[in-house]
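Structure first, commentary second.
The values are calculated or read from the model by the stated rules, or taken from the named source; none is laboratory data. Here the structure is a predicted model, which is why all the values come from computation and not from measurement. Cβ placement follows ideal geometry from the backbone for every residue including glycine, while neighbour counts extend to all protein chains displayed. Side chains included, ligands, DNA and RNA excluded: accessible areas come from the protein's heavy atoms. Shrake-Rupley method; radii C 1.70, N 1.55, O 1.52, S 1.80 Å.
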Amino acid sequence: GKVHVNASVQTTVGTAGISASTASIDFSAVSLWEVTLASGVDTHLNPVNVLPGQSINILVTQNAGTAGTLSFAPSVLQPSGSAYTASTVLGSKDILTLLTFNDTSEVYVAAVNTLI
């Protein structure tokens with residue numbers, strides 16, 4: 001069936017905490033996330049509770065100290081030859097979109113870097 005919405009839609013924005021250099025993005029919780037990269041280290045992004053047909057948007061903020069990096073679980077597939085690299089400008093913001101289709105073992109990522 002179809003869902004028609006004749007008004008704005010607001011959703012909760014989750015904040016992904018980082019534990020042991022890992023930020024877990026719970027696909028079953030909310031569809032919008034924020035994560036601030038840890039200073040000077042690699043933050044590993046791990047999708048959990050993935051279901052078919054989902055889209056998740058993540059606002060990635062570079063910390064204010066020393067630029068950090070972001071890596072993904074092997075289940076996150078990126079375009080060949082143009083894998084996502086976090087913007088290195090301190091305090092910069094990127095948006096990642098994670099998509100699933102029928103196979104929950106594969107998550108696809110698209111990125112917009114250095115929003116101004």
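Can you send over the solvent-accessible area of Lys93, 1.4 Å probe, protein chains only, in Å² to the nearest 10?
The value for Lys93 is about 80 Å².
Ignoring ligands, DNA and RNA, what percent of the accessible area of segment 12-87 is carbon or sulfur (1.4 Å)? Provide the component values of the computation, followed by the final result.
On the way: 1920 of 3560 Å².
That fraction is 54 percent.
In vacuum, with every alpha carbon of the chain counted as one equal point scatterer, what does the Debye formula give for log10 I(q)/I(0) at q = 0.11, 0.15 Å⁻¹? Two decimals, please.
-0.37, -0.66
How would Val41, Val3 line up by accessible area, probe 1.4 Å, largest first? Present the calculation step by step, with values, prior to reporting the outcome.
Numbers: Val41 65, Val3 130 Å².
These residues rank, largest area first, as Val3, Val41.
What is the sum of charges, Lys and Arg at +1 and Asp and Glu at -1, for the other residues whose Cβ falls under 15 Å from the Cβ of Val60?
Working: positive: Lys93; negative: Glu34, Asp42, Asp94.
Taking every other residue near Val60 into account, the sum is -2.
Of the options Val109, Ala73, Ser55, report the single residue whose Cα projects farthest towards the positive end of the charge dipole of the chain (beta-carbon charges: Lys, Arg +1; Asp, Glu -1).
Positive-most Cα among the choices belongs to Ser55.
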